[in-house]
1. Once label points are set 7 Å from the Cα along Cα→Cβ at both Asn34 and His54, what is their separation, rounded to one decimal in nm?
2. In the neighborhood of Trp82, defined by Cβ-to-Cβ distances under 14 Å, what is the net charge if each Lys or Arg adds +1 and each Asp or Glu adds -1?
3. Of the GluC sites (Glu not before Pro) in the stretch 55-85, which ones lie in a loop per DSSP and count no more than 10 other C-beta atoms within 10 Å?
Amino acid sequence: MAALRETVFVALIGVGVLALSGISAPAAIVCSGNTCWHAHQTYEYPPDAGVVVHPDAWRWGAHEHFVWREHKGRGYWHGDRWTEW
C-alpha cells in the first residue's frame, strides 16, 4: 500500500513539473534595431519588419546596447510604434 501511495505521489509531482515548465518559457527574443522583446509564440514576421529572431537564451555582448520593450499581442516595434498584423 505504501509503495502505491509513493508511486502516485511521484507521478503527481512529475505532472506538476511538466505543466509548470510549459508556462514560463518564452519562445524567442526578437529585436528590431536596438529594441528587443520576448515573443511567447513563434511568428513569421513580415519581410519588411526588419526583425531578427534570437533563441531564448540569447544575450547581447558587453559592448552592445539594447533596450527591452515588452508588448502583448502579435506585432513588432518600428521605432517607438508597435505595429500589429
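Just so it is clear, none of the values below were taken in a lab; they were calculated from the coordinates. Here the structure is a predicted model, which is why all the values come from computation and not from measurement. Reconstructed Cβ throughout: ideal geometry from the backbone, glycine too, with neighbour counts over all protein chains shown.
1. Result for the modelled spin labels: 1.4 nm.
2. Taking every Cβ under 14 Å from that of Trp82, the sum is +1.
3. Filter output for the stretch 55-85: Glu64, Glu70.
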